[in-house]
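Below is the structure I would like to discuss, written out as structure tokens.
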Amino acid sequence: MSTALSIQNLNYKRNRQVILHDGQLTLSTGKIVGLLGENGAGKTTLMRLITGNAQGQGVIKVGDSSDVMHRKQKTSFSDHLKGFDKSTKINQVVKFYQTVYPDFSNDRYQEMATFLQLDASQKLTALSKGTKEKLIIALTLARQTELYLLDEPFSGIDSMSRKQVISSILKWTPDNATLLISDHYVHEIASLLDEIVVVKDQTIAVHKGADEIRDQLGVEIEDYYESLYEVGGAADDK
Amino acid sequence: MKFDDKVPIYYQIKTHLYHEMLNGQLTAGAQLPPVRQLAVDLTVNVNTVQRALGEMITEGTLTSQRGKGNFVTTDTTRLAQLKDQLVMAQLAQTYDQLHAFNLTDAEILTSLKQYIEKRGIAQ
């Protein structure tokens, strides 16, 4: 199995404060990976470092390339639609994606937009939290690439929207693509995941197979995750 | 489908499919939905479905036809064997639990008979 993402000796500081230190991670192709950690642990920062939207020290490779331009090209990440004016309409955002990303498939986008009931004429400012997350999923997965990053797509959305978002991920993530999906609440996505990665104590503390946790430890992913935060709990064994 | 998150998901998918094979929802030779469709229906990822199906193909309860998909085996002997295995596993669990209540084998048999008779009347 080939490597989708590799991170070596990653260090990142902001205002002289250490956000991430000595980060190591290798993800194989074709996996759905949960990126877990408390609010403010550095999950979003890690995603921005992967795409080069934030600059740290160390080596990050997407596929076999560490070049920032290549990393951006090979990674689909919508970063909460940062940079779009609130009065932008959905169809204008879609046009932008079509122009900027050669791998953006309008057919795939339209299929998802129909499934998720997105109204192209709506302005970003008029979107509910759930609709905005649906739009982000459709835009992100409409690109056909090797690595997808989804940053907390379930935070603050209702359960119907959540189900639709989960179905979209399962339906439209291409074979052999790797998807890294962050959440601070693992229970609702546990059945989706091949592996979990936990960001804790300013580093990538844990990387484990989901069924490995169930098989070898006989515990729920959520319980395992919580045990990492108990004093004297599971050690940060990689 | 609801999963018990303590048990490996691939294992639960196998159990789920076994039950469909034994209760007649999936008959001998029936075609399974495409892997991705199963993944969406069960809300699990494609790799997990593939792992479950792969193990079932290896053990001979499913067959895979290149370009066509996956099918329940037409080998009825294999299916009968599977049924025996599952029945035995279920009985073993029940027996162990009753045994833990300090019931003798004779008492277990009597209780079971009574239960079946009662159920027969109730229905």
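Among all stretches of chain B without exposed trypsin sites (Lys or Arg not before Pro) (DSSP loop, at most 10 other Cβ atoms within 10 Å), which one is longest?
Excluding the exposed sites themselves, the longest stretch runs over B:3-65.
While we're here: Using protein heavy atoms only (no ligands, DNA or RNA), what is the total accessible area buried between A and B, 1.4 Å probe, nearest 100 Å²?
Buried area (both sides, nearest 100 Å²): 1600 Å².
Here's something else I'd like to know. Between A:Lys72 and A:Lys13, what is the spin-label point distance in nm, taking each point 7 Å from the Cα along the Cα→C-beta axis?
Spacing of the two 7 Å Cα→Cβ label points: 2.6 nm.
Please report, for the Cα atoms of the range A:3-227, the Rg to one decimal and the Dmax as a whole number; what are they, in angstrom?
Values for the range A:3-227 (Cα only, Rg and Dmax): 17.1, 51 Å.
Do any chymotrypsin sites (Phe, Trp or Tyr not before Pro) in the range A:19-110 lie in a loop, going by DSSP, with at most 15 other beta-carbon atoms within 10 Å of their beta carbon, and if so which?
Passing both the DSSP loop test and the Cβ count: A:Phe84.
Sequence gap at least 6, Cα distance under 8 Å: using those rules, report the relative contact order of the range B:9-74 to the nearest whole percent.
The value is 40 percent.
Using helices alone, what [θ] at 222 nm do you get for the protein assembly as shown, with -39,500 (n - 2.57) per DSSP H run of 4 or more residues, divided over all residues and rounded to the nearest 500?
-13000 deg cm²/dmol
Same structure again: Need one value: the accessible area of B:Thr15 in square angstrom, 1.4 angstrom probe, rounded to the nearest 10.
Around 50 Å² of this residue is reachable by solvent.
Something else now. Which of the helices in chain B, when you take each full DSSP H run, stretch at least 18 Å along the axis at their Cα atoms and have an average Kyte-Doolittle score of -1.0 or higher?
Membrane-span-like by this criterion, though nothing is claimed about a membrane: B:9-22, B:46-59, B:76-100, B:105-122.
Shifting gears a bit: Could you tell me what percent of the accessible area of the protein assembly as shown is made up of carbon and sulfur, with a 1.4 Å probe and every protein chain present?
Ligands and nucleic acids excluded, carbon and sulfur give 49 percent.
When only Cα pairs under 8 Å and 6 or more residues apart are kept, what is the percent relative contact order across chain B?
21 percent
Continuing with this model, one more query. Counting only the backbone N, which residues of the range A:102-139 are under 15 Å from the spot 7 Å out from the Cα of A:Lys95 toward its beta-carbon?
Under cut-off, by backbone N: A:120-124.
Run through the DSSP bridge list for chain A and note the antiparallel percent, rounded to the nearest 5.
Around 55 percent antiparallel, to the nearest 5.
For peptide A:214-220, compute the average count of partner chain beta-carbon atoms within 10 Å of each residue's beta-carbon.
Taking the mean over all residues of the peptide, I get 4.
What does the average come to when, for each residue of peptide B:41-52, you count the partner chain Cβ atoms lying within 10 Å of its Cβ?
5
Any chance you could list the semi-axes, whole Å, largest first, of the equivalent ellipsoid that the Cα gyration tensor gives for chain B, using √(5λ)?
34, 17, 14
How about the range B:28-107: which chymotrypsin sites (Phe, Trp or Tyr not before Pro) there lie in a loop by DSSP and see at most 13 other Cβ atoms within 10 Å?
B:Phe101
So, one more: DSSP H helices in chain A with Cα extent of 18 Å or more along the helix axis and mean Kyte-Doolittle hydropathy at least 0.0?
Correct list, ordered by number: A:129-142.
Still on this model: Which value, in debye to the nearest 20, gives the size of the charge dipole of the range A:3-227 about its Cα centre, when Lys and Arg are +1 and Asp and Glu are -1 at the Cβ?
1100 debye
Within the range A:1-40, list the trypsin sites (Lys or Arg not before Pro) lying in a DSSP loop whose Cβ has at most 16 other Cβ atoms in a 10 Å radius.
Those that pass, being in a loop and sparsely packed, are A:Arg16.
When you look at the Cβ of every residue in A:170-181, what mean number of other chain Cβ atoms sits within 10 Å?
If you average over the peptide's residues, the count of other-chain Cβ atoms is 2.
Roughly how far apart, in whole Å, are the Cα centres of the range B:10-26 and the range A:1-33?
Comparing the Cα centres of the range B:10-26 and the range A:1-33, I get a distance of 39 Å.
Right, next: For chain A, what relative contact order do you get, as a whole percent, if you take Cα pairs closer than 8 Å and at least 6 residues apart?
25 percent
With every protein chain present, what is the per residue accessible area of the protein assembly as shown (1.4 Å probe, Å²)?
Computed with neighbouring chains in place, this is 52 Å² per residue.
Let me ask something additional. For the pair A:Lys123 and A:Glu212, how long in nm is the line joining their label points, each one 7 Å along Cα→Cβ?
5.0 nm
The values are calculated or read from the model by the stated rules, or taken from the named source; none is laboratory data. In this text, all values refer to a predicted model and were calculated from it rather than measured experimentally. Virtual Cβ from ideal backbone geometry, glycine too; neighbours counted across all protein chains shown. Each accessible area value is taken on the protein alone, full model and side chains, heavy atoms only, with ligands, DNA and RNA left out. Shrake-Rupley method; radii C 1.70, N 1.55, O 1.52, S 1.80 Å.
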